[in-house]
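Everything below concerns the one structure shown next.
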Amino acid sequence: VPIPGQSGSFLLNHPAPDFELKTLDGERIRLSDLRGHPVLLTFWATWCGPCRRELPGVAKIHEAFKDKGLVVLGVNDEGKGTARHFLEKAGLPLSTLDDSGLKAHRLYRIRSIPATFLIDKDGKIVRFFSGTKDEATLRSGLKSVGL
């Protein structure tokens with residue numbers, strides 16, 4: 001149960017906190033540079049069973065909506081090698097940011113994972129999902145960002 005002020009739910013209907021992180025391939029991504037596109041931001045880890053169950057659905061959403069402007073980003077705090085190895089082994093085409101310094105985790109007050117945020121094209125957080133959500137639930141949330 002999300003406790004107001006103690007989880008990412010406090011961000012709902014507010015501007016998404018900006019951050020800059022590198023992808024697992026070293027490309028710099030600044031969240032504010034993605035304005036104009038809806039963003040699905042999901043915090044996950046390889047040791048998290050619920051995350052491992054949710055990620056294939058997230059990857060399918062990425063494939064289905066990337067040509068419609070949706071940017072899907074994973075955020076992982078375990079280091080590039082661990083995250084990259086897992087994604088490659090699982091065959092998941094998911095762009096993931098290295099947050100081993102916990103910069104984004106702190107900004108979004110991540111207390112448990114998976115935690116998923118839907119950010120509209122204006123940079124406002126319009127949906128927050130705590131815990132594992134199936135692909136259908138996440139897809140239905142995309143309506144809140146116009147998809």
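General observations
- Out of 9, 112, sole residue that is in a loop (DSSP other than H, G, I, E, B) and hydroxyl-bearing (Ser, Thr, Tyr): 112
- Odd one out for residue 94 among (1) closer than 17 Å to residue 17 by Cβ; (2) surrounded by 20 or more Cβ atoms within 10 Å (Cβ to Cβ): (1)
- Matching residues, segment 94-109, being part of a loop (DSSP other than H, G, I, E, B) and farther than 16 Å from residue 30 by Cβ: 94, 100, 102, 109
- When 82, 132 are screened for being among the hydroxyl-bearing types (Ser, Thr, Tyr), surrounded by 15 or more Cβ atoms within 10 Å (Cβ to Cβ) and assigned to a loop (DSSP other than H, G, I, E, B), only 132 passes.
- Of the residues making up segment 93-147, those that are of a type in the set (Val, Ile, Thr), within 13 Å of the chain's Cα centre (by Cα) and within 21 Å of residue 13 (Cβ to Cβ) are 110, 116, 119, 125.
Only the coordinates and a few stated rules stand behind these numbers; no lab work does. Computed from a prediction, not measured in an experiment: that's the story for all the values here. With ideal geometry, Cβ positions are generated from the backbone for all residues, glycine too; neighbour counts draw on all protein chains shown.
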